[in-house]
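Q: Submitted below is the structure of interest, expressed as structure tokens.
The values are calculated or read from the model by the stated rules, or taken from the named source; none is laboratory data. What you see is a predicted model; the values in this text were computed from it and never measured. Glycine also receives a Cβ, built like all others from the backbone with ideal geometry; neighbour counts cover every protein chain displayed. Ligands, DNA and RNA are excluded from the accessible area calculation, which covers all protein heavy atoms including side chains. Shrake-Rupley method; radii C 1.70, N 1.55, O 1.52, S 1.80 Å.
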Amino acid sequence: MWNADLQTDWNSLLHAGSNGRSDDGVSRRDFVRTALGVGFAAAAGPVMAQTAIHTDSDGLLVGDVMIESGVQKIPVYRAQPKGKTELPVVLVVSEIFGVHEYIADVARRFAHQGYLALAPDLFVRQGDPMAYGTIADVMSNIIAKVPDAQVLQDLDACRAWAAANGGKAGHVGITGFCWGGRIVWLYCAHAPVQAGVAWYGRLVGSTGPLTPRNPIDIAKSLKAPVLGLYGGKDPGISQESIAEMRKTLAEGDRAAKASEIVVYPDAGHGFHADYRPSYNAEAAKDGWKRALAWLEKNEVVALEAQFPPQDGACASLPGLLGPAPSEG
């Protein structure tokens, strides 16, 4: 069911004014085509083609694997260094648009840093986001029908698969973007992972049978510390909700108290999404550095990267190949 929270997410994604165009002059139609992977960066013109990052697969094992979750097999994009085992694991949770090229690229970035990265198709039971022509259709026909319990189960299945297929048990992290950022908070209260990195995931909102709790509701009982990365100009995630989350974390258990939230004042929603007008290179690069440092700090430790950064936004793993970023 469409609700106020989905409307807020919609507004955050569009950044559109009354003329139906984004702040960057990209039409809604072009934005949707780009976001849903139809033509990808080329659909939005040269600006997006210039910012969209491509990370090659040299030295990596990449491609889809099928993982059993209950009675369902779900497709999962896997990226890891070739010929390596006992790898730390990162679960990569997509935006509402599913596992398209941007999410696969993020998985390859982690793989080049020595991780086994798994990006599951968490909407496979509800449908394919790329089959719909508008964001509103995606939200109404897919996102609004995805139960949190199903998502957590699928991520559990990915974690178990990783442990049996070259992953290092006890060294598992999770990261996610937008819709996936909210899931990161929930999963770090659900499963015995070591760390989470949530990129602009909604913290508060309405609840229902499929989404009974929000991150603010589970913040005090996190099992793993979360690094939250947010934009100060995000119209869908208020600074008041971030302040409320910080206060709740400070009142929680050990992992809650160890969690951190960083706000980039000049960034909006989707600032890491290099294929969209919302991309903010400075915030994205700093967030990536912080994400890698956070995983290392919390024992999701990668092998030393075998390859140089592929995209200008991927920093060497702090502590192994360079200094950690300064706080702020």
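Q: For segment 110-236, what is the per residue volume of the convex hull drawn over the alpha-carbon atoms, in cubic angstrom?
A: In segment 110-236, the Cα convex hull volume per residue is 132 Å³.
Q: Further question on the same structure: Using a 1.4 angstrom probe and counting only protein chains, how large is the accessible area of Ser140 in Å², to 10?
A: Here the residue's solvent-accessible area equals roughly 40 Å².
Q: Using the reciprocal of the averaged 1/r over all distinct C-alpha pairs, how large is the Kirkwood radius of segment 169-299 in Å?
A: The Cα-based Kirkwood calculation yields 14.5 Å.
Q: How big is the gap, in Å, between the Cα center of segment 221-266 and the Cα center of segment 128-184?
A: 21 Å
Q: Mind giving me the nanometre distance, one decimal, between the label points for Gln239 and Gln50, set 7 Å out from Cα along Cα→Cβ?
A: Each label point lies 7 Å from its Cα, and together they span 3.1 nm.
Q: So how far apart, in nm, are the two label points at Glu86 and Ala163 if each is 7 Å from Cα heading toward Cβ?
A: Placing both labels 7 Å beyond Cα along the Cβ direction yields 1.8 nm.
Q: Turning to a different aspect of this structure: Could you work out the local net charge near Leu116, counting Lys and Arg as +1, Asp and Glu as -1, over the other residues with Cβ closer than 9 Å to its Cβ?
A: +3
Q: At 0.36 nm per residue, minus the direct Cα-Cα distance, what do Lys220 and Asp253 gain on full extension? Give it in nm, one decimal, please.
A: 11.3 nm
Q: A further question on this structure: Hey, what do the phi angles of segment 250-256 turn into as Karplus ³J(HN,Hα) couplings, whole Hz, using 6.51/-1.76/1.60 and θ = phi - 60°, x for Gly and Pro?
A: Using θ = phi - 60°, the values come out as 5, 9, x, 6, 4, 5, 5 Hz.
Q: In nm, what is the difference between 0.36 nm times the number of residues separating Ser140 and Met66 and their Cα-Cα distance?
A: Length gained, Ser140 through Met66: 24.0 nm.
Q: Still on this structure, I have one more. Across 10 Å bins from the origin, how do the percents of Cα pairs in segment 69-117 run, short distances first?
A: 26, 48, 25, 2
Q: Next question. Using amide H atoms built 1.01 Å from N in the peptide plane, name the residues 5+ places from Ile261, or on other chains, whose amide H lies under 5 Å from its own.
A: Gly228
Q: Relative contact order, percent, of segment 71-184 when contacts are C-alpha pairs under 8 Å separated by at least 6 residues?
A: Answer for segment 71-184 is 39 percent.
Q: Hey, for a label at Arg213 modelled as a point 7 Å past Cα toward Cβ, could you say which residues of segment 250-284 have their backbone N under 19 Å away?
A: What the label zone holds, given the 19 Å backbone N cut-off, is 250-260.
Q: Here's a follow-up. For Val300, list long-range residues whose amide hydrogen, built 1.01 Å from N in the peptide plane, is under 5 Å from its own amide hydrogen.
A: It is none; the list stays empty.
Q: If you average over every viewing direction, what projected area does the convex hull of the Cα atoms of segment 46-205 give, in nm²?
A: 9.8 nm²
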